[in-house]
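The structure appears right after this line, and notes come after that.
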Amino acid sequence: MARINGSSPPIPHHRPEPARYGDANECNRSRRQNIPVMRGPRGWDTRMANARRFLREHGWSYAFIAPSIITFACFTFAPVVWSAVISVQKYNLRTGGTFVDPIWMNYQKAFTGLGGIFVTSIGNTLTYTVFTVTTNIVVGLALASLIQPLHRHVRTFFRAAFYLPAVTSSLIVGMTWAYIYNAQWGFANYLLRLIGVEPVRWLSNPDIVLGSITASAMLTIPATAVVLFSAAMGGIPTEFYEAADLDGASPVQKWWWITLPLIRPTTLYLTVIYTIASFEVFERIYVMVPSGVGRSTQTIVTQIYYSGFKDFDLGVSAAQAMMLFVMIGAVALVQFRVLRSNVEY
Amino acid sequence: MTTTAGARPRTGPIGMTVTRSVVTWSVLMVTTVIALFPMYWLFANALTPITATPPLTPILVPAWELDNVIRLLTTSKHYTRWVVNSLTVSLAATLWHVVFDTLAGYAFAKRRFPLRNVLFVALVSTLMVPIHVTFIPLYLISLSLGIIDSIWAILLPASSQVFGIFLMRQFIQTLPGELEDAARIDGCSEIGVVRHVIVPLSMPAIASLAIFTFVRNWNDFLWPLIAVNRPQEFTLTVGVASLQGEFMTDWGIIFAGGAVASIPIIIFFLLFQRYFLDGLRLGALK
């Protein structure tokens with residue numbers, strides 16, 4: 001963009017600029033206002049004028065985004081890129097990283113290390129995810145459909161009641177479930193005693209502990225799903241239902257043929273966010289079984305945490321994190337393809 | 001609200017309608033009880049004096065006594081410190097995001113400037129990246145900045161969450177541009193346009209953003225667990241998790257620790273629940 005000759009007409013930046021942006025006027029104005037104009041090599045004035053014009057046009061935009069972009073670059077973007085690099089390095093806190101040979105070594109170690117515990121972890125995570133996400137979507141849809149015909153205030157009440165547990169930290173919710181599952185004095189075994197069943201070691205029997213944890217997640221009301229489904233159902237034009245009434249459709253038919261197809265974008269969105277959340281399950285497990293129950297309670301994120309911050313094998317931990325990233329990306333992509341809908345209304 | 005879609009006209013014999021609404025209400029009531037029971041049970045236990053193992057018959061009605069809470073505050077050295085730490089982190093993060101996400105969201109929504117789309121795509125594409133990917137580099141960065149084991153190691157990454165920028169952009173995009181232009185013609189500065197036009201119109205989105213940021217940082221657990229090791233630097237979630245190891249035999253204190261930690265967020269929710277639910281919908285507009 002450097003213009004050599006100061007008197008040449010201004011090169012349009014985005015659109016032709018009004019004459020006052022011309023550099024001659026710029027200099028005159030600077031002189032008039034006694035703003036010192038730096039004299040330099042030929043063309044300096046012009047470049048300064050260009051820069052000034054650019055700043056006047058876009059300076060505020062960059063100023064507005066600067067704080068967010070800088071922290072984002074330093075504490076989100078750079079770490080993501082760096083993590084990809086560390087995943088193919090052997091990293092030592094004192095000497096830094098050296099690339100491993102072969103380059104996929106950490107990924108291989110992630111799978112084969114500790115007798116292939118990472119494979120078990122992926123399996124556990126998938127089991128947890130399949131049960132939790134399916135239940136969450138079905139329960140969310142059912143509850144939203146049930147509260148939809150009710151009075152507005154009643155609906156708000158139920159949404160709030162369902163949402164209240166969702167704002168409390170999953171750590172404290174998980175802790176509470178650990179008490180409910182306590183083998184000695186927990187509420188779950190109390191209920192079993194009432195009907196004369198032997199107490200169950202919910203959180204220490206390796207065969208059922210994953211089931212207990214999954215059940216606790218399934219029994220948590222999917223508040224976000226209820227709220228979003230409910231909003232989506234509220235947005236369907238009434239004419240559709242009126243038309244169906246004229247055709248003599250039953251409520252169930254209307255639900256199946258009108259409501260369900262039209263809320264598909266919401267179903268898709270919720271499936272994706274619940275799947276991501278389940279893939280990343282950690283707090284609930286960490287607080288319910290702090291030291292783990294053998295392999296039965298290892299998930300992807302507990303493995304990332306243990307390899308990185310207990311075993312201090314940063315390369316393997318980064319490799320596992322990258323694999324989580326890829327899995328989430330892949331699942332989201334597949335879900336978007338399968339559940340995508342072209343319905344417009 | 002009789003026109004709300006999905007409000008199905010009640011046709012058919014009266015008996016059917018009654019049966020249907022009885023079923024609806026009982027399902028909803030049972031679900032509400034299940035939804036609220038864990039938290040209720042935590043509070044019932046916290047408000048009933050327990051000094052050792054809880055009784056075999058579960059406490060379902062609280063005794064409404066604060067013994068456990070008092071013992072918690074007097075025995076656990078750092079509990080109040082954890083509350084202060086969590087409040088500091090959550091409030092600072094909220095303030096940061098309310099101010100700078102509004103500015104950035106406005107710039108991305110309404111202003112044109114070189115690299116706008118590139119930068120925005122970079123921001124949004126990290127929304128799907130699991131936060132866990134960043135932990136090891138963040139740990140190394142915090143080590144080299146010398147802020148590991150201090151509140152700064154939690155605060156700095158908290159300032160880089162991108163969700164708010166996305167939320168604010170989505171909202172501000174829907175505002176009409178004429179108002180901005182009118183303000184400029186009236187001699188408003190660029191900052192003035194944001195202050196007097198954009199902010200007042202975006203209040204609902206800003207409220208949701210504030211609430212989400214506060215809750216997210218108040219509840220955040222894994223990064224604080226990694227970033228701080230000294231008990232006096234813990235946030236409340238990390239501290240509460242550590243109570244289980246510290247007071248193995250005094251369940252009263254552990255219950256109280258969990259209950260007290262969730263009170264601020266519950267009050268917060270009850271005060272602002274309208275914005276919570278609106279915010280969910282705003283954030284979902286993808």
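For the reader, a short list of remarks on this structure follows.
- So B:PHE120, is it facing another protein chain (nearest Cβ under 10 Å), surrounded by 13 or more Cβ atoms within 10 Å (Cβ to Cβ) and part of a helix (DSSP H, G or I): yes
- Qualifying residue in region A:262-276 (condition: buried (at least 19 other Cβ atoms within 10 Å of the Cβ) and over 22 Å from the mean Cα position of the chain (by Cα)): yes
- Only one of the numbered conditions (1) within 11 Å of chain B (Cβ to nearest Cβ); (2) outside any loop (DSSP other than H, G, I, E, B) is not met by A:THR220, and that is (2).
- Screening region A:181-214 for residues that are away from chain B (no Cβ under 11 Å) and outside any loop (DSSP other than H, G, I, E, B) and picking the one that is nearest to A:ILE285 (Cα to Cα) gives A:ILE213.
- In the set (1) more than 30 Å from B:TRP152 (Cβ to Cβ); (2) within 14 Å of chain B (Cβ to nearest Cβ); (3) among the small types (Gly, Ala, Ser); (4) open to solvent by 30 Å² or more (accessible area, probe 1.4 Å), the condition left unmet by A:SER121 is number (4).
- In region B:217-270, the qualifying residues are those that are more than 10 Å from every other protein chain (Cβ to nearest Cβ) and touching a Leu at 6+ places or on another chain (Cβ under 6 Å), and the one that is farthest from B:PRO62 (Cα to Cα) is B:ILE253.
- Any hit, region B:207-223, residues being over 23 Å from the mean Cα position of the chain (by Cα) and among the basic types (Lys, Arg): no
- Considering region A:106-131, and only residues there that are of a type in the set (A, V, I, L, M, F, W, C) and touching a residue at least 12 places away in the same chain (Cβ under 8 Å), the residue that is farthest from A:TYR91 (Cα to Cα) turns out to be A:PHE131.
- When every residue of region A:158-177 is checked against the conditions, none turns out to be under 28 Å from B:LEU42 (Cα atoms), free of Cβ contacts under 8 Å to residues at least 24 places away in the same chain, among the hydrophobic types (A, V, I, L, M, F, W, C) and surrounded by fewer than 16 Cβ atoms within 10 Å (Cβ to Cβ).
- Test for A:LEU150: is it outside any helix (DSSP H, G or I) and either in the same structural domain as A:LEU270 (by TED's automatic domain parsing) or hydroxyl-bearing (Ser, Thr, Tyr) (or both): yes
- Tally, over region B:49-101, of residues that are open to solvent by 60 Å² or more (accessible area, probe 1.4 Å) and of a type in the set (Phe, Trp, Tyr): 2
- Complete set of residues in region B:153-184 that are in a helix (DSSP H, G or I) and loosely packed, with under 15 Cβ neighbours inside 10 Å: B:GLN173, B:GLU178, B:ASP181, B:ALA182, B:ARG184
- Count of region A:98-116 residues, restricted to those that are acidic (Asp, Glu) and touching a Phe, Trp or Tyr at 6+ places or on another chain (Cβ under 9 Å), is 0.
- Flag for B:ALA92 being more than 10 Å from chain A (Cβ to nearest Cβ), small (Gly, Ala, Ser) and outside any loop (DSSP other than H, G, I, E, B): yes
- Filter result for A:TRP82 (within 11 Å of chain B (Cβ to nearest Cβ), within 24 Å of the chain's Cα centre (by Cα), of a type outside the set (Asp, Glu) and not in a loop (DSSP other than H, G, I, E, B)): yes
- Matching entry among B:MET29, B:MET1, B:MET39 (being at pLDDT 85 or above and either within 23 Å of A:ASP245 (Cα to Cα) or open to solvent by 80 Å² or more (accessible area, probe 1.4 Å) (or both)): B:MET29
- Filter result for A:VAL281 (part of a loop (DSSP other than H, G, I, E, B), over 19 Å from the mean Cα position of the chain (by Cα) and more than 10 Å from chain B (Cβ to nearest Cβ)): no
- Whenever a residue of region B:62-81 is farther than 18 Å from B:THR48 by Cβ and in contact (Cβ under 8 Å) with a residue 60 or more places away in the chain, it has no partner that is open to solvent by 70 Å² or more (accessible area, probe 1.4 Å) and assigned to a loop (DSSP other than H, G, I, E, B) lying with C-beta atoms less than 7 angstrom away and at least six residues away or across chains.
The values are calculated or read from the model by the stated rules, or taken from the named source; none is laboratory data. This structure is a prediction, so every number in the text was calculated from the model and none was measured. Every residue, glycine among them, receives a Cβ derived from its backbone with ideal geometry; neighbour counts consider all protein chains shown. Ligands, DNA and RNA are excluded from the accessible area calculation, which covers all protein heavy atoms including side chains. Shrake-Rupley method; radii C 1.70, N 1.55, O 1.52, S 1.80 Å.
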